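The values are calculated or read from the model by the stated rules, or taken from the named source; none is laboratory data. Computed from a predicted model, the values in this text were never measured in an experiment. Positions of Cβ are generated from backbone atoms using ideal geometry, with glycine treated the same way; all protein chains shown enter the neighbour counts.
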Amino acid sequence: MSSGGSLRAVIAALLANLGIAVAKFAAAIVTGSSAMLAEAIHSVADTGNQGLLLLGHKRGARKADVEHPFGYGRDRYVYAFLVAVVLFSLGGLFAIYEGIEKLRHPHELEDAAVAIGVLVAAVVLESLSFRTVIHESNQVRGSDSWVGFVRHTKIPELPVVLLEDFAALIGLFFALMGVGLTLVTGNPRWDAVGTLLIGTLLACVAVVLGIEMKGLLIGEAAAPDTERRIRLALEGTPRVTRLIHLRTLHLGPEELLVAAKVEIDRTATVPELARVIDDAEARVRNDVPIARVLYLEPDLWRSVATGSPEAG
């Protein structure tokens, strides 16, 4: 879960969107295209979003202190959630509003060749950014599908940039469609239709991102494979006779809290008990390096016959 890959993806998207936004605004002024204006606002929103992700990444790296003893890792989730809000409001709602206005009051498209040229150039730049985030995501995606990756990853920057770039490419197709149909038919309302499609797409992507980031903010457990490795490490510790129960919680993308109750050989003395706990913690940290905060409690197993399958 190295943060280097997510940073590379964010920076690539930031540079691409900044250049695209400038070109789209220039083209929107020249052509009067509402789809182009919606795309320009979309690129501005994306550029600001990448800035928020970088800020969140920096703030999330701060060391734990007295007021925040578990660190600031969740700051990355907070800023990623803000990205979803910005994408929905500044990107999606603005484009929908602009599309409705242009349907009601059509505006003749001027110099369509400029609009098409800028959109094609934007497709190339967005594709380069999209290729970067796909490459970085593949480093941590494992056997997950892309939908599964977006749902399960604990690294907020990658699904945000992935969905933003995907939405940007589809949005550019809608803009090209709107401009092209307006040019062919002479009816400027097609441009407004393209704008509405862009706005609807951005709103949907923002809702998906908001739901996923909300889950991370509330607190999610470790992935099943990670929990399996923690269980094996604890159960494989000499003199640990049983793992009674296990709870995990992500404090950030690269920091995991582990709390467990374990039964230890009942003949162990207090000093031996302490050594077994230390050994178990060392084994967990060796197998799962992101398990940085561990609380292991020695306890006794209560059988089902005594009324409870767990420790008291």
Among the residues that make up segment 179-191, is at least one of them surrounded by fewer than 22 Cβ atoms within 10 Å (Cβ to Cβ), of a type in the set (D, E, K, R), outside the structural domain of residue 252 (by TED's automatic domain parsing) and outside any loop (DSSP other than H, G, I, E, B)? yes
The residue from 243, 257 that alone is surrounded by 16 or more Cβ atoms within 10 Å (Cβ to Cβ), outside the structural domain of residue 104 (by TED's automatic domain parsing) and closer than 20 Å to residue 60 by Cα is 257
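Every residue, every condition in (1) assigned to a helix (DSSP H, G or I); (2) in contact (Cβ under 8 Å) with a residue 60 or more places away in the chain; (3) surrounded by fewer than 19 Cβ atoms within 10 Å (Cβ to Cβ); (4) of a type in the set (Asp, Glu), yes or no:
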residue	(1), (2), (3), (4)
26	yes, yes, yes, no
36	yes, yes, no, no
64	no, no, yes, no
77	yes, yes, no, no
83	yes, yes, no, no
93	yes, yes, yes, no
Here is a list: 129, 143. Which entry is closer than 29 Å to residue 6 by Cβ, in a helix (DSSP H, G or I), in the same structural domain as residue 9 (by TED's automatic domain parsing) and among the small types (Gly, Ala, Ser)? 129
The residue from 109, 53 that alone is under 17 Å from the mean Cα position of the chain (by Cα) and buried (at least 22 other Cβ atoms within 10 Å of the Cβ) is 53
